[in-house]
């Protein structure tokens, strides 16, 4: 079983610096499917991925796109404003002798409590990955 995945959905984006948790893309697909927001989201997602690839751990300097989540163990959020306030939680981790961005979970921010639940899911997925990589 392949532990980490390259980005396939909503369009392929190959990067040796960005990978996803196995459950991430299905989660993102469920948020976008039938939303009428997919085409606009794809453009914004591609921009953010390119920025993340280029600036890596300094991505948070573009505050309208990225933020470091307070009171977490180094989790970041990628932000999308639109009809759906989609958020992607990720973390920088060591993989194949390099530091990669690992996209852990996607969710729609509807309230501050939605972040709390998503952070819990992201942390659980990070623990799963660590067990498989050790």
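Just so you know, all these numbers are worked out from the coordinates, no wet-lab data involved. Everything quoted here is computed from the prediction, not taken from an experiment. Here the Cβ positions follow ideal geometry from the backbone for every residue, glycine too, while neighbour counts run over all protein chains shown.
Only one of the numbered conditions (1) on the phi < 0 side of the Ramachandran plot; (2) in a helix (DSSP H, G or I); (3) surrounded by fewer than 17 Cβ atoms within 10 Å (Cβ to Cβ) is violated by residue 35, and that is (2).
Checked against the criterion of being touching a strand residue (DSSP E or B) at 6+ places or on another chain (Cβ under 9 Å) and farther than 20 Å from residue 14 by Cα, region 43-57 contains not a single residue that satisfies it.
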